[in-house]
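I have placed the structure first, in the form of structure tokens, so that the comments after it can refer back to it.
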Amino acid sequence: MPLDTFVTSATNVVAATATCNVNEMQNHSDEEDPELSSLSSRRVPFIPELGNDNNNGPNANLRYIDVYENPSKLLLPINGYQDYPLVTLEEAIAPVQCNLDKEIMVQIYIAKQNCRKPMDGLTQDESAAIHLYSFGSNNVHQSFHYVLNQTLRMEDRTHLKPWFLYLKLILSGLWKLPSAKCMVWRGIKKNLSDQYIVGNTVVWWGFSSCTTSAETLESEQFLGKTGTRTLFSIECTNGKVIRNHSYYERENEVLLLPATQFEVVGKVSPAIDLFIIHLRETPPPFPFLQSPVYHSDSPGFTIPTVPLAAEEVTGNVGTYKLYDQSVNADDGDDDSERPTTDMLDSLRPPPPPSGMENLLLEDLENHFVPLTTRSVMGTMPEVRCSTGGRAQSPPPRPTVELHKIILHIKNNTTVDLSMKQIFDDDLTIIAEELKTNRKCTRLTLSSNQITDDGIRVLSHALKGKTNTTLKMLILSSNKIADNSAQYIANMLKGNNTIELLDLSDNEITNSGMEFIAATLKTNTTLKRLYLNDNKISDDGFRLVLHALKRNRALTHLNISGNQLSREFKKTFDEQLSKGNQTLKTVYL
């Protein structure tokens, strides 16, 4: 089947259905979910086929042409999966196995074997979940990444529930990877320019695979050098470089998370049948993808997305699944194209010479100025995605921007300042506001540049009865070490308000745990404590065990991802049951 015909047929197929038993999921929930239980007697919709099985050979390139369109309207957020526990990859796939390739169990085995020594602090199952996503399939409509992404794009979110265990696993792994702030590229052999209006925002609901090299797209395996093509140049701030966990590790794929929102910055057509759409990742007004890090017994308990801080991306990044592209139709009433921005107009080169329709994308990058990150972003600090690039420190925060942050804290109960390049100096101003604030109950400062100095100032502002409003403080993925642990512990001694404290993914060691454990002996307010992914060993958590014999407030404790021995994990529950009856959930 010709490629263009193959792509076009995706929009005309009829959905089939298949029954899938998901009783396995019930065994892993903290408490039985009636809605989940009923899935075993309901029909899970099958995914629309892209072509006839007989035409689908073993070539993994078929998954590159997953261009089934997203709904033109916004969908409900991806929410609920974060309340499920982390399980093995086999257990996570069991509820959706009947919708997948018949070789799925073989693929799981291969993924687990290839990920016996996972990197980047991931568990074997988290790494294997990413590895499995990178596989292709003989049958495109049963390809793992295709079935998952089409389910993520469905309007009825109940169809996503059988995938919750897998989403918890893969997103928990991806959340541990550093985020890349750089220019990436995607493309399809189709004209989508009418569906992307300059100034509008779009959301790609599935996982999106990208490359940092536009030159790669000129291969006949992908866009080629002739014919109708749409190229997306994307300024991403939260891309995940999965080369250490992908089946195709040489391709150094940059993966964008589901429910990522973009602003359409500009679009141009420098050659016949070649269309370039420039997108910039922007935070949505509300989190469309909930963080996998948090767990709660309460259905209404959610924490905003906490992306990791930007990091450098190195190596000659190739391409992979470039055609797995969500397409968003413009949801505005006006179908007419708006003019491009003044900046892009001023940079537009002279009309292309004859024959430019066959222009190599490598030449296009050099010839067409608006394609470069610098021309669109100006002097904005960024992390370059090339070998040897280094992250530049952002300039001092403008007074106007700080004023907006303070107003946001002053006027909102939930404030998410994650990945906002908050430094210690900024935190001094924020701490002053918290001293008199009577509005904010949940503050997220994850993935910033906060060190011991900033934590000292913040802890002083929250000490005693200075602030009696803030109940949830999220400080994950910063540079918090043992001195900070001491400051926070001293603050908790006199604070009777904070109920949730997240110190995960920091640099706390056993020394810092001495202060936290001492505070747990007397604190009567803190209910949820997250210490996962630090540098704490058995000795540090023995202090916690001793403190919990006297603590009657803590109900949830996460200490996973630390340096715990197998023997300690075996005896933890036994030791805990001897002196504590209030702790309900512990993650080891």
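Only the coordinates and a few stated rules stand behind these numbers; no lab work does. Just so it is clear, the structure is predicted and the values come from calculations on it, not from any experiment. Backbone-built Cβ (ideal geometry, glycine too); neighbour counts: all protein chains shown.
Things to note:
- Scattering profile of segment 431-533 at q = 0.10, 0.12, 0.14 Å⁻¹ [log10 I(q)/I(0), Debye over alpha-carbon scatterers]: -0.22, -0.33, -0.45
- Overall shape of segment 89-281 was characterised from the C-alpha gyration tensor. The equivalent ellipsoid obtained from it has semi-axes of 30, 18, 17 Å, in decreasing order.
- The simple Förster model, with R0 at 35 Å and r as the Cβ-Cβ distance, assigns THR413 and SER193 a FRET efficiency of 0.25.
- One chain, two ends: ILE272 and THR228. Fully extended at 0.36 nm per residue, the span grows by 15.0 nm beyond their Cα-Cα distance.
- For segment 145-254, applying the loop criterion from DSSP together with a ceiling of 13 other beta carbons within 10 Å to the GluC sites (Glu not before Pro) yields GLU155, GLU220.
- Near the amide H of LEU279, within less than 5 Å, lie the amide hydrogens of SER233, ILE234, GLU235, VAL265, all on another chain or at least 5 residues away, with H placed in the peptide plane.
- Taking a Cβ cut-off of under 11 Å around LEU500, the surrounding Lys, Arg, Asp and Glu residues balance to a net charge of +2, with basic ones at +1 and acidic ones at -1.
- As a length-normalised measure over Cα pairs under 8 Å and 6 or more apart, the relative contact order of segment 402-586 settles at 15 percent.
- In order along segment 445-451, phi translates into HN-Hα couplings of 10, 5, 6, 10, 10, 7, 10 Hz, rounded to whole numbers, per the Karplus curve 6.51 cos²θ - 1.76 cosθ + 1.60 with θ = phi - 60° and x for Gly and Pro.
- In segment 89-281, Cα pairs under 8 Å separated by at least six residues give a relative contact order of 23 percent.
- ASP453-THR524 pseudo-label distance in nm [points 7 Å out on the Cα-to-Cβ vector]: 3.8 nm
- Potential lengthening between ASP573 and THR436 on full extension [0.36 nm per residue; Cα-Cα distance subtracted]: 45.2 nm
- Less than 5 angstrom separates the built amide H of THR260 from those of TRP204, all sequence-distant by 5 or more or on a different chain.
- A Förster radius of 41 Å combined with the Cβ-Cβ distance from ASP425 to TYR587 puts the calculated FRET efficiency at roughly 0.75.
- In plain terms, the chain from ASP539 to THR469 could stretch by 21.8 nm, reckoned as 0.36 nm per residue minus the Cα-Cα distance.
- Cross-link pairs beyond the 27 Å C-alpha cut-off, checked among LYS112/LYS176; LYS435/LYS493; LYS176/LYS584; LYS73/LYS471; LYS410/LYS463: LYS73/LYS471
- Distant-in-sequence amide H partners of ILE480 (H built 1.01 Å from N, under 5 Å): GLU507
- Semi-axes of the equivalent ellipsoid for segment 402-586, Cα gyration tensor, largest first, Å: 29, 17, 13
- DSSP-loop trypsin sites (Lys or Arg not before Pro) across segment 184-240, with at most 14 other Cβ within 10 angstrom: none
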